[in-house]
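Visitor: For reference, the structure I am asking about is given below.
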C-alpha cells in the first residue's frame with residue numbers, strides 16, 4: 001500500500017496561494033501543484049498542493065476556524081551561512097518576525113527554523129564539550145551565525 005503523506009497548514013487569511021508561490025520561489029526544486037477551490041456550505045476554501053525541495057506540503061485556506069502556531073514549523077538545513085542569510089532575510093521581510101535559535105515567523109504566520117548544516121555537525125558532535133559550547137552559543141542567537149558558534153567552540 002502506498003500512502004500520499006504531506007503536512008497541511010491551515011491558513012485563515014485568503015493568502016494561501018500567495019504563500020505557496022512565495023515559498024516555492026525561495027527553495028530550489030520547489031513547485032506549486034494542484035489548486036482546488038470550492039464552497040463547503042459555510043464559505044469558500046482553497047487547497048493548494050506544493051513541494052518545497054521535493055517535500056510535499058498542502059495549504060488549506062479556509063477561514064478563521066484555526067490558527068497557525070509555533071508548535072508546527074518548517075525546518076530548513078542550509079548548506080552554508082550565505083543561504084541561511086538569504087532565506088532569513090526573505091522570510092522575515094514584509095512583516096515577518098525574528099525569534100530565537102534560528103526560528104522566525106514569516107509574514108503569513110508560518111514558523112520556520114533556518115540553520116546551516118554546520119550547526120547540526122557541531123551540536124551533534126561526539127565531543128560533548130564541542131556540542132555543549134555550540135548549543136550554548138546558539139541559544140543566545142536569533143539568526144544563526146555559524147562563525148560565532150565556531151568561535152565559541154574553539155574557546156578553551
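Every read-out reported here was derived from the displayed coordinates using simple, explicitly stated rules and does not represent laboratory data. Computed from a predicted model, the values in this text were never measured in an experiment. Neighbour counts run over all protein chains shown; Cβ positions are idealised from the backbone, glycine included.
Visitor: Taking the number of other C-beta atoms within 10 Å as the exposure measure, put 119, 104 in order starting with the fewest.
Guide: Values: 119 25, 104 21.
Fewest-to-most ranking of 119, 104: 104, 119.
Visitor: Just subtract the alpha-carbon distance of residue 129 and residue 113 from 0.36 nm times their residue separation and send over the number in nm, one decimal. Please report the intermediate quantities before stating the final value.
Guide: On the way: separation 16, 0.36 × 16 = 5.76 nm, distance 2.41 nm.
Roughly 3.3 nm would be gained on extension.
Visitor: Give me 138, 67 ranked fewest to most by other Cβ atoms within 10 Å of their Cβ, as a rough exposure proxy.
Guide: Values: 138 21, 67 9.
By the 10 Å Cβ count, ascending: 67, 138.
Visitor: Report, as a whole number in µm² per second, the diffusion coefficient that Stokes-Einstein gives for the chain at 25 °C and 0.890 mPa s using the Kirkwood radius over alpha carbon pairs. Spell out each step's value before the answer.
Guide: Details: Rh = 17.0 Å.
Diffusion coefficient, whole number: 144 µm²/s.
Visitor: Sticking with this structure for a sec: In whole percent, what relative contact order does the chain give with Cα contacts below 8 Å and a gap of six or more residues? Mind dumping the intermediate values first?
Guide: Values: 289 pairs, mean separation 28.2, N = 156.
Here the relative contact order equals 18 percent.
Visitor: With a ≥ b ≥ c taken as the square roots of the eigenvalues of the C-alpha gyration tensor of region 68-156, please select rounded if a/c is under 1.5 and otherwise prolate if a/b is larger than b/c or oblate if it is not?
Guide: prolate
Visitor: Additional query: For residue 121 and residue 34, what does the FRET efficiency come to when R0 = 22 Å and r is the distance between their Cβ atoms, rounded to the nearest 0.05?
Guide: On the way: r = 37 Å, r/R0 = 1.70.
Plugging the Cβ-Cβ distance into 1/(1 + (r/R0)^6) gives 0.05.
Visitor: Right, another one. Would you compute, from DSSP H runs of 4+ residues alone, the mean residue ellipticity of the chain at 222 nm, taking -39500 (n - 2.57) per run and dividing by the full residue count, rounded to the nearest 500? Intermediate results must be reported in sequence, preceding the final value.
Guide: Numbers: 5 runs with 50 residues, N = 156.
That comes out to -9500 deg cm²/dmol.
Visitor: Let me ask something additional. Where both residues lie in the chain, what percent of DSSP beta bridges are antiparallel, nearest 5?
Guide: For the chain, the DSSP antiparallel bridge percentage is about 65.
Visitor: Another question, if that's okay. Got a sec? How would 24, 101 order by Cβ neighbour count within 10 Å, fewest to most?
Guide: Details: 24 19, 101 15.
The fewest-first ordering by Cβ neighbours comes to 101, 24.
Visitor: Run the paramagnetic zone check for residue 139: 7 angstrom along Cα to Cβ, then residues of region 109-128 with backbone nitrogen under 20 Å.
Guide: Counting only backbone N, you get 113-116, 119-128.
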